[in-house]
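Reading through the structure tokens given below for one structure.
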Amino acid sequence: MSEFPLAAPGAPQPSRQDELYPIREVSRLTGVNPVTLRAWERRYGLIQPTRTDSGHRLYSLADIEAVRSILAWIERGVAVSKVGKILARSAAPEPPREARETPAYADIAAGEWGEWQARLRAAVAAFDDGQLERLYGQVFSTYPLAVAFQDVLLPVWQALLLRQDGFGQTSEWLFLDSFLRARVLQRLLLCRGQGEARVLLAPLPGHRHELELLVCGLLLAGSDLAVTPLGLGQPFDELPLICEKRQPQALVLFSHCPPDAELGRQLGRLSLAVDCPLALAGEVAELAGEGLSGTPVASLGSDGQLMPRRLRQLLAGRLDT
């Protein structure tokens, strides 16, 4: 039996982007059982498959990627009831019809980022560091820094992180992870030598992946700002000591994990113990939401283009906390 649904005899063969998959195939591809897929649709509206005349669900490739994104956030500890808000923030609004009919939009709609991601996955699967290096350079010559990481590179890294149940898949993720960490560290060192203002970037307890922390540091840094990431496992209660020694202009705490019940009290004590502005970055800032209102802790959010702007506003004393 074919792995993919077959078109009716005489009908045009669909492109890969147009293919639709039954729920059992989606379950096999993602590891999510059909009962859960139906619950995510009915209870939370996280996915919206099409229906056949007989009522059977059919899922597109975009639906399958949405399922994998949902899994990624759940794996980070985000409650499924909150995942919809995160996905909605990252989804760009649909342009008007006139814009959708332009050649430029048609190229994007055809999956420009997806094509880059497919090429990157092929290089990783072949463990071809030379090709990976070339693609890395091409991506950065094509897109701004935030787009290169958030829309092209990190989605490949995240997809490989979630698919480590087959032979060789863990090695593929480690190969890409070590490659990207080395390149981001190199860029951070170059920025650190240029910036006059100094910012410390510390992971919150429980954050597990160094690459996400380093990318956040790179997105925040610039010619005017040197960002120094601290290592994973940094003791939270020793941050005042480090700030006393380093005298940063700001301390930014980063995580993609949801805040725990103690975070508010910890941040309150920390803000009194450090002599510099304090901010949250990453999904923890979005998930903390209104809990930061009225506190001395600023929210930089998680968007790669907004975070550096908000940080500079904070340093200039123009960002509300």
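Please indicate, with yes or no, whether at least one residue in the stretch 1-20 is modelled with pLDDT of 85 or more and closer than 21 Å to P155 by Cβ. Talk me through it step by step, then tell me what you get.
First, pick out the residues of the stretch 1-20 that are modelled with pLDDT of 85 or more: 20.
Filter once more, so that each one left must be closer than 21 Å to P155 by Cβ: none.
No, that holds for no residue.
Working only within the stretch 210-237, note down all residues that are hydroxyl-bearing (S, T, Y) and loosely packed, with under 15 Cβ neighbours inside 10 Å.
S223
Out of (1) outside any helix (DSSP H, G or I); (2) in contact with a His (Cβ under 9 Å, 6 or more places away or on another chain); (3) surrounded by fewer than 21 Cβ atoms within 10 Å (Cβ to Cβ), what's the single condition that is false for H207?
Just one mismatch for H207, condition (3).
Name the single residue, out of those in the stretch 60-77 being small (G, A, S) and outside any helix (DSSP H, G or I), that is surrounded by the fewest Cβ atoms within 10 Å (Cβ to Cβ). Lay out the reasoning, then the answer.
Residues of the stretch 60-77 small (G, A, S): 60, 62, 66, 69, 72, 77.
Checking which are outside any helix (DSSP H, G or I) leaves us with 60, 77.
Values: S60: 18, G77: 15.
Looking at residues that are small (G, A, S) and outside any helix (DSSP H, G or I), I get G77.
Select, from L319, L267, the only residue that is under 28 Å from D151 (Cα atoms) and hydrophobic (A, V, I, L, M, F, W, C). Spell out the reasoning first.
Working: L267 fails: under 28 Å from D151 (Cα atoms).
Criteria check complete, one pass: L319.
Let's see how each residue does on (1) basic (K, R); (2) within 23 Å of V78 (Cα to Cα); (3) in contact (Cβ under 8 Å) with a residue 40 or more places away in the chain:
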| residue | (1), (2), (3) |
| --- | --- |
| Q158 | no, yes, yes |
| G166 | no, no, no |
| D177 | no, yes, no |
| R183 | yes, no, yes |
| L218 | no, no, yes |
| K245 | yes, no, no |
| Q249 | no, no, yes |
| G264 | no, yes, no |
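When you scan the stretch 28-59, how many residues do you find that are touching a Pro at 6+ places or on another chain (Cβ under 8 Å), surrounded by fewer than 18 Cβ atoms within 10 Å (Cβ to Cβ) and not hydrophobic (A, V, I, L, M, F, W, C)?
2
The values are calculated or read from the model by the stated rules, or taken from the named source; none is laboratory data. Because the structure is predicted, anything quoted here is derived from the model rather than measured. A quick note on method: Cβ atoms are made from the backbone with ideal geometry, for glycine too, and the neighbour counts reach across all protein chains shown.
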